[in-house]
Amino acid sequence: MKNIAVIGAGTMGNGIAHTFAHAGFKVQLIDVSESALIAAIATISKNLDRLVTKEKITISDKTETLANISTFTNIAEGVEYASLVVEAATENRALKLKIFKQLDRACPEDTILATNTSSISITQIAAQTSRPNQVIGMHFMNPVPIMKLVEIITGYNTSKEVLEFIVNLTKKINKTPVIVNDYPGFVANRILMPMLNEAIETLYTNVAGVQEIDAVMKLGMGHPMGPLELADFIGLDVCLSILEVMYDGFKNPKYAPNPLLINMVRAGKYGVKTGEGFYDYSTEHKAVVVANQFS
């Protein structure tokens, strides 16, 4: 396996491309937006510069990593020689199903198709293809170049051979694979998202403010980042999508997204990516913007 195609040049996609390219693989980074691809390469270069400054890699390592990445705006051209495709598009079920139908038509017969979905059924995604035994989940954590975990999710028809291959490949890129079964939210988000949702509920019911909630979880529970800040970092739109998938899948009210989260997403306040969520990121020092509504 020499050629890895990555679909989506956003935060997760460029991180996955960075990781594979740094491990010596040839990466075809694909996005419908040329500007997104340009931004992705700039982000990867900036992140590599940080590693050079910290003396974790050399300038030569940076040059080789960037040389391993080529960009495409056409899926068919980008996946023509791919042995593995990792889809990292927006966490939207309809979009992912559409992409996998395209990939099935465009990829060589032996190409393994992986999705970086954080909650959507691998089995449902695989059903869009004529090769469900070659479809698997590879859920990377953000920021991808730093975080070690990759949740490996098997669909109903994923073959043992594909599972073993992906587990070994994950180790080759210096990540730790953990195998989980295909149920809404898998493990990471089934546990994490209800906690974030409960933190939003705590704010919504005026138990405490944004900074107070985050301080309790950081200082009292040893979390490196408070839940509301973490939700901003993940993206409130992504949090909402994952909760909706779990609520739809389990029909359990404990997964129902909080009304405040829904309204913030409707208002376009997604967190870090839009410059405003529970905190305001447009200033040099983060300012609280939501707490005032409940004071």
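Only the coordinates and a few stated rules stand behind these numbers; no lab work does. Please read these numbers as outputs of a predicted model, since none were measured by experiment. Here Cβ is always computed from backbone atoms with ideal geometry, including for glycine, and neighbour counts include all displayed protein chains.
Things worth noting here:
- Cross-link partners for Lys160 among the aspartates and glutamates, with Cα-Cα distance under 17 Å and sequence neighbours closer than 8 places in the same chain left out: Asp110, Glu151, Asp182.
- Longest site-free stretch - the chain; sites: trypsin sites (Lys or Arg not before Pro), DSSP loop, at most 12 other Cβ within 10 Å: 149-250
- Between the amide H of Thr115 and those of Glu87, Ile136, Gly137, Met138, distances stay under 5 Å, these residues lying 5 or more places away or on another chain, with hydrogens modeled in the peptide plane.
- Shape annotation for the chain: C-alpha extents along the principal axes are 58, 47, 32 Å, from largest to smallest.
- Other-chain or far-sequence residues with amide H under 5 Å of His223's (modelled H): Lys218
- For the chain, the longest principal axis of the C-alpha atoms and the axis of helix 93-106 are separated by about 10°.
- Whether the range 1-64 is rounded, prolate or oblate, judged on the alpha carbon gyration tensor where a/c under 1.5 counts as rounded: oblate
- 19 Å Cα-Cα reach of Lys56 towards aspartates and glutamates, excluding residues that sit fewer than 8 places from it in its own chain: Glu64
- Long pairs among Lys96/Lys286; Lys172/Lys286; Lys101/Lys251, criterion Cα-Cα beyond 30 Å: Lys96/Lys286; Lys172/Lys286
- By the rule of a C-alpha distance below 21 Å, with chain neighbours fewer than 8 residues away ignored, the lysines paired with Lys54 are Lys46, Lys62, Lys148, Lys175.
- Charge sum, other residues only, whose C-beta stays under 14 Å from Ile120's C-beta, Lys/Arg counted +1 and Asp/Glu -1: -2
- Placing unit charges on each Cβ (+1 for Lys and Arg, -1 for Asp and Glu) gives the chain a dipole about its Cα centre, and among Ala9, Leu29, Val180 the Cα reaching farthest toward its positive end belongs to Val180.
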